[in-house]
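Notes for the one structure printed next.
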Amino acid sequence: MNGIGTAAKRAGLKTAYGFIYKLRIEKALAYRYDVFSGIIMQCIVMFANAFFWRAIYSGYETVRGAAVSDMLTYTIISSVMAVFLATGVEQRVMKSVEQGTVATDLLKPIPLFAIYFFEELGTITASALLCGLPILVVGSIFIVVPLPADAMHALLFACSFLLSFLINWLFAALFSLLAFVTINMSPLLQIKKHVLRLLSGGIIPIWFFPQWAQNLLRALPFVYIYQLPLELYIGRLSVPDALRQMGLQLFWVLILLIVFFYVQKRTMEKILVQGG
């Protein structure tokens with residue numbers, strides 16, 4: 001009987017997760033203004049970066065081992081990645097704490113952050129189709145067709161990007177726990193968003209940074225969000241080096257997962273509901 005009950009519970013959770021995922025897709029599709037504004041903003045950033053790299057490479061075939069075509073590809077794929085890596089878990093937690101609904105959310109049979117995770121997946125699925133694809137098309141037409149170095153590096157990029165998504169989401173989930181001790185974390189979210197993209201190589205590859213800064217950043221998990229997948233896409237790393245770096249990337253996923261569960265448990269034990 002216990003086995004049947006456990007199986008039924010698992011089936012119920014899968015159904016619930018699927019419903020949350022589907023509902024979030026439908027909600028994301030309903031807010032077309034957010035989609036169009038996201039496309040415009042990412043295209044502006046993408047074109048600005050493309051003009052920057054063309055100006056930097058004027059008269060040079062390669063800089064720091066990368067050709068201008070590599071950097072243009074890097075720019076387009078980085079812009080598409082930004083769509084997938086945009087997180088909403090911080091806003092979701094902050095809103096629940098401010099409205100005082102987090103206490104009732106904790107009573108639901110589904111783990112609170114599992115709900116947020118599948119909501120994120122639904123939003124990303126919709127954004128990939130409505131925002132990511134148009135950005136890729138615009139970049140391909142007006143800048144350069146962003147082809148990967150080869151099939152193997154494309155596969156490595158896909159695997160690394162999955163791990164980078166998990167690192168990015170776990171870091172955002174950890175950051176969201178500040179909502180329980182901070183009255184208004186909106187300014188912190190803006191700082192976090194731009195600093196994280198800069199330190200992770202989403203705007204400027206860290207190989208253009210001073211050596212001491214490169215050494216420091218490579219000891220942190222941020223470079224495994226944008227930098228590593230993009231290096232793989234343009235073929236900057238050999239396959240053995242790529243596998244070693246992806247091993248470190250997996251290591252950071254596990255470390256952040258452990259830290260998140262620990263901090264979440266301690267936070268929920270001392271939860272203070274604000275408002276409502």
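The values are calculated or read from the model by the stated rules, or taken from the named source; none is laboratory data. If you're wondering where the values come from, they're calculated on a predicted model, not measured in any experiment. Every residue, glycine as well, gets a Cβ built from its backbone with ideal geometry; the counts of neighbours run over all protein chains shown.
How many residues does segment 224-243 contain that are closer than 20 Å to W53 by Cα and not hydroxyl-bearing (S, T, Y)? Can you show your working first?
Step one: list which residues in segment 224-243 are closer than 20 Å to W53 by Cα, which gives 226-236.
Checking the rest, the ones that are also not hydroxyl-bearing (S, T, Y) come to 227-232, 234-236.
Number of matching residues: 9.
In this structure, is S78 in contact with a Phe, Trp or Tyr (Cβ under 9 Å, 6 or more places away or on another chain) and either modelled with pLDDT of 85 or more or under 30 Å from A114 (Cβ atoms) (or both)? Answer is yes for this residue. Selection of segment 207-244 for residues being surrounded by 15 or more Cβ atoms within 10 Å (Cβ to Cβ), assigned to a helix (DSSP H, G or I) and in contact (Cβ under 8 Å) with a residue 60 or more places away in the chain yields W207, Y224, L228, P229, L230, L232, Y233, A242. When segment 215-257 is examined, which residues are found to be more than 19 Å from the chain's Cα centre (by Cα), over 23 Å from I76 (Cα atoms) and of a type outside the set (A, V, I, L, M, F, W, C)? Passing the criteria: N215, P240, D241, R244.
I'd like to know if segment 138-148 contains one or more residues that are without any contact (Cβ under 8 Å) to a residue 24 or more places away in the chain and within 23 Å of T73 (Cα to Cα). The answer is yes; a qualifying residue exists.
Only one of the numbered conditions (1) surrounded by 20 or more Cβ atoms within 10 Å (Cβ to Cβ); (2) modelled with pLDDT of 90 or more; (3) among the charged types (D, E, K, R) is violated by R24, and that is (2). Within segment 40-70, the set of residues being touching a residue at least 40 places away in the same chain (Cβ under 8 Å) and in a helix (DSSP H, G or I) comprises Q42, C43, M46, F47, N49, A50, S69, D70.
So that you can scan it fast, the table gives a plain yes or no per residue for (1) modelled with pLDDT of 90 or more; (2) in contact with a strand residue (DSSP E or B) (Cβ under 7 Å, 6 or more places away or on another chain); (3) small (G, A, S); (4) more than 19 Å from Y233 (Cα to Cα):
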| position | (1), (2), (3), (4) |
| --- | --- |
| T182 | no, no, no, yes |
| R197 | no, no, no, no |
| S200 | yes, no, yes, no |
| F209 | yes, no, no, yes |
| N215 | yes, no, no, yes |
